[in-house]
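Colleague: One structure follows; several queries about it will come next.
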Amino acid sequence: MPDSEAPESEVPGDRSDGGSDSRSDSRSDRGSDSRSDRGSWARFEADLERVAASGTVAPAVPPTVLLGGESGSGKSRAARRLHDLSARSQGPYVSVHLAGLAPSLLEAELFGHTAGAYTGASGPREGRFQRAEGGTIVLEAIETLDVALQVKLLRVLQERVVEPLGSEVAVPIDVRVIATTARDLRVAIEEGAFREDLYFRLAVVPLEVPPLRSRTEGPAFAGLCDAVGRAVCGRIGVPRRSLSSAAVEALRQHPWPGNFRELENALERVLVLAGGGAEVAASEFEFLRAPLRGRADEIAAEALSSGIGLDELDAALIAEALRQERGNVSAAARRIGLSRRAFDYRRKRLGGEAGSE
């Protein structure tokens, strides 16, 4: 299922850590982090617009774009927006979810085939690249592409031609190529699962789609939720209901591990099961908290039974937050409810280095 993205309170306060942080330091850090988050989205939008404007002088070949980001963060919608903003917006937009196609059929699906190329190929057929001529092709979940096909894709990107299955004639193509991935392809390269030369061909312009949790600060979040709600109502055919301020706050406090896809699902559930009333109440989102209840007690019990001490648990939590946030220290601090300053203090005390971005 393609990623979802919507049309376009204070961060939780510090927990006591025995450090020298003052309330003013904490407020300052939270304000700085919030501005950083809003800035990350502004930078992403600006980068997207700059990339869309590139390759407008014929016969220029538009640069290949690699969209990274967590599952559900909106990579597919970002790809569509890039196409719509570009000079190719009137051309075809072809999206291929590589993980959803059988490996045995993928080559013919991407590059086409001639009559008799394989059993059942009764006639010639254009591949997705040819169907995207003059427009954009999006290769979703590029990390799932078989290594043998990675070689053929590399040739397509280098020579701008495709060779249909069963043919020896190379067909020139004029398409913008966008690839999406939820995985760090550099790790896949180290594991031997992804070709380094293909990575560099794809990542001419690498863009990271920020997660939903980085957009929960400020008044724009209410507008974002309202926009998603309107889209959901239109799709499932139910009356519109606005979100109360308390409902927005309840959504703001949720960590959104499933990103926009989870937000869409949550709003759809509430709107389908609507009990009436002009506004959606905060209590209608109580189900979001259910999976979180008791987990801290379970983790604590498991840590104690395994002989894991508080410092070791703290260090592991900090390391995991940094891993999930791909080294973004401010975002990692917010994930565990600390200001940036308190996060750096704990990290340094536990033997790590104070972060820098």
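Colleague: Measure off 7 Å from each Cα along the Cα-to-Cβ vector at Ser245 and Ala193, then give the distance between these two points in nanometres to one decimal.
Modeller: 4.7
Colleague: What does the net charge come to around Cys233 if you take all other residues with beta carbon closer than 11 Å to its beta carbon, with K and R at +1 and D and E at -1? Don't skip to the answer; put the middle values down first.
Modeller: Values: positive: Arg230, Arg235, Arg240, Arg241; negative: Asp226, Glu268.
Around Cys233, the surrounding residues sum to +2.
Colleague: Starting from the 7 Å offset along Cα-to-Cβ, what nm value, one decimal, do you get for the label separation of Gln158 and Ile308?
Modeller: In this crude label model, Gln158 to Ile308 measures out at 4.6 nm.
Colleague: Here's another thing I want to ask about it. Ignoring ligands and nucleic acids, what accessible area does Asp297 show with a 1.4 Å probe (Å², nearest 10)?
Modeller: Roll a 1.4 Å probe over it and Asp297 shows about 120 Å².
Colleague: By the scheme Lys and Arg +1, Asp and Glu -1, what is the net charge of all other residues having a beta-carbon under 14 Å from that of Gly134? Walk me through the numbers on the way to the answer.
Modeller: Values: positive: Arg88, Arg128, Arg131, Arg160, Arg176; negative: Glu126, Glu133, Asp174.
Once positives and negatives cancel, what remains is +2.
Colleague: Here's something else I'd like to know. Using the beta-carbon distance between Asp297 and Arg269 and R0 = 30 Å, what value does 1/(1 + (r/R0)^6) give for FRET efficiency, to the nearest 0.05? Spell out each step's value before the answer.
Modeller: Values: r = 27 Å, r/R0 = 0.89.
Computed FRET efficiency for Asp297 and Arg269 comes out at 0.65.
Colleague: Considering only protein heavy atoms and a 1.4 Å probe, what is the carbon-and-sulfur percentage of the accessible area of segment 146-296? Present the calculation step by step, with values, prior to reporting the outcome.
Modeller: Numbers: 4020 of 7370 Å².
Carbon with sulfur: 55 percent of the solvent-accessible area.
Colleague: Hey, can you find the accessible area per residue of segment 202-357 for me, probe 1.4 Å, expressed in square angstrom? Display every interim value, and only then the final one.
Modeller: Values: 8110 Å² over 156 residues.
Counting only protein heavy atoms, the per-residue value for segment 202-357 is 52 Å².
The values are calculated or read from the model by the stated rules, or taken from the named source; none is laboratory data. Since this is a predicted model, take the numbers as computed values, not measurements. All Cβ positions, glycine included, derive from the backbone under ideal geometry; neighbour counts span all protein chains shown. Protein only, heavy atoms only, side chains kept; ligands, DNA and RNA dropped before computing areas. Shrake-Rupley method; radii C 1.70, N 1.55, O 1.52, S 1.80 Å.
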